Amino acid sequence: MTTRTPAVEAAGLRKAYGGREVLAGVDLTVPAGTVYALLGPNGAGKTTTVRILTTLLPADAGTARVAGHDIRRAPARVRAAIGVTGQFSAVDGLLTGRENLRLMADLGHLARPRAAAVTAGLLARFGLADAADRRAATYSGGMKRRLDLAMTLVSGPRLIFLDEPTTGLDPRSRRALWDVVRELVADGTTVFLTTQYLEEADRLADRIGVLDGGRLVAEGTAAELKRRVTGGHVELHAADAARAAELARRLPGAVADPAAPAVTVPYDGSLGALRRLLAGLDDDGSVTGLAVHTPDLDDVFLALTGHAAAAREVRA
């Protein structure tokens, strides 16, 4: 666990629009050099949280420090220290990829030699060197998203906010962007990620906050959150219905499915429990195979909120 100053600290963040409370007292801490995923459906308050933390929107109540700076007292310092990639691309389609990056370098007041070096480095890093002098309007969705993220990194921020960065991307482009995020964190960058994709949070995040109805209803690592949900089981495939029935009689809590034939045994997700189960099985051909089923983040979200992560369509 890092002892450095947290990249993000927020307490009691509240925001309402026209009497509708979008954030209802959100507290969170993001250690430096990690990926923090704010997971929730459309309308949960994810984008509102990012807008407040990046000084684009004032909170009605609460406090926050981002990159060591108070968002109310030192918003300019916060903005100078962070990078932001929003839900919608900031790429100018009339400019080439190189020109988009040079524009960001000019806005960041980078000297010409440094701007040229940074631009070339980012084009290579994001696999855009061959398309650098094509208009961005000709880029695929995945290429535009990579360029958008590259533009965020021109000034070299150590903390970046990615607000649903892979929405609308095909699976291949999504995974390519995940690889980029992993590389950034390996280099020491802190990433604050919002997403409604359960797999994305599971694959990338060191810690996950589950946001629903403007409230942080749970927080922890993916493994910690999954342990809060029951329903894990091991399915043992039996040689025949008679052996399935025999296994069900011998194994505590087991339920036989003669039609399969198979037996389902409750499982808490621990390695020790799996070892004990396997040690209690005879190597006599009764069991022909097994499958381990553990709760995933979809199960976690459903258990915590009563609905699936992508159930609602109203964006906040």
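Before we move on, is L225 among the hydrophobic types (A, V, I, L, M, F, W, C), over 21 Å from A131 (Cα atoms), touching a Ser or Thr at 6+ places or on another chain (Cβ under 6 Å) and crowded, with 19+ Cβ neighbours inside 10 Å? The answer is no for L225. Looking at G25, G19, just one residue is in contact (Cβ under 8 Å) with a residue 60 or more places away in the chain and surrounded by fewer than 21 Cβ atoms within 10 Å (Cβ to Cβ), and that residue is G25.
Within region 34-52, count every residue that is in contact (Cβ under 8 Å) with a residue 24 or more places away in the chain and not in a strand (DSSP E or B).
Of all residues in region 34-52, those in contact (Cβ under 8 Å) with a residue 24 or more places away in the chain come to 34-50, 52.
Cutting the leftovers down to not in a strand (DSSP E or B) gives us 34, 40-50, 52.
Qualifying residue count, region 34-52: 13.
Candidates are the residues of region 89-107 that are outside any helix (DSSP H, G or I) and within 28 Å of the chain's Cα centre (by Cα); the one that is modelled with the lowest pLDDT is S89. Of the strands (runs of 3 or more DSSP E) that lie entirely inside region 145-231, those containing 1 or more residues that are among the basic types (K, R) span 207-212, 215-220.
Of all residue pairs spaced 6 or more apart or on separate chains, those with beta-carbon atoms under 7 Å, a first member in region 207-218 that is closer than 14 Å to E21 by Cα and among the hydrophobic types (A, V, I, L, M, F, W, C) and a second member that is outside any strand (DSSP E or B) and at pLDDT 90 or above are L211/G45; L211/K46.
For residues that are free of Cβ contacts under 8 Å to residues at least 12 places away in the same chain and loosely packed, with under 14 Cβ neighbours inside 10 Å, scanning just region 122-155, find the one that is farthest from E183 (Cα to Cα). If you could, list the steps in order and put the result at the bottom.
The initial filter retains those residues of region 122-155 that are free of Cβ contacts under 8 Å to residues at least 12 places away in the same chain, namely 124, 129-130, 138.
Going one step further and asking which of them are loosely packed, with under 14 Cβ neighbours inside 10 Å, we end up with 124, 130, 138.
Values: A124: 14, D130: 21, T138: 26 Å.
Applying the filter and picking the extreme gives T138.
Can R77 be described as farther than 26 Å from A201 by Cβ, more than 27 Å from the chain's Cα centre (by Cα) and assigned to a helix (DSSP H, G or I)? So R77 fails the test.
Residues are listed down the side, and each one gets a yes or a no for (1) surrounded by 17 or more Cβ atoms within 10 Å (Cβ to Cβ); (2) among the aromatic types (F, W, Y); (3) out of contact with any strand residue (DSSP E or B) (no Cβ under 8 Å at 6 or more places or on another chain):
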position	(1), (2), (3)
A64	yes, no, no
I71	yes, no, no
V78	yes, no, no
A81	yes, no, no
G86	yes, no, no
S89	yes, no, yes
G93	no, no, no
N100	yes, no, yes
M104	yes, no, yes
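Tell me, please, whether a residue that is outside the structural domain of D212 (by TED's automatic domain parsing), closer than 27 Å to D148 by Cα, touching a residue at least 24 places away in the same chain (Cβ under 8 Å) and in a helix (DSSP H, G or I) can be found in region 53-67. Outline the logic, then answer.
Initially, region 53-67 is screened for residues outside the structural domain of D212 (by TED's automatic domain parsing), giving none.
So far as region 53-67 goes, no, none of its residues is outside the structural domain of D212 (by TED's automatic domain parsing), closer than 27 Å to D148 by Cα, touching a residue at least 24 places away in the same chain (Cβ under 8 Å) and in a helix (DSSP H, G or I).
Scanning region 246-296 for residues that are exposed (fewer than 14 other Cβ atoms within 10 Å of the Cβ) and of a type in the set (D, E) returns D268, D282, D283, D284. Of the residues making up region 108-140, those that are more than 19 Å from I160 (Cα to Cα) and under 26 Å from the mean Cα position of the chain (by Cα) are A124, G127, L128, Y139, S140. The sole residue among A44, A59, A37 that is surrounded by 15 or more Cβ atoms within 10 Å (Cβ to Cβ) and closer than 15 Å to L159 by Cα is A37.
If you check A205, A238, A201 for being assigned by TED's automatic domain parsing to the domain that holds A273 and surrounded by 15 or more Cβ atoms within 10 Å (Cβ to Cβ), only one passes: A238.
The values are calculated or read from the model by the stated rules, or taken from the named source; none is laboratory data. Only a predicted model underlies this, so the values are computations on that prediction, with no experimental measurement involved. Cβ atoms come from the backbone with ideal geometry, glycine included; neighbour counts cover every protein chain shown.
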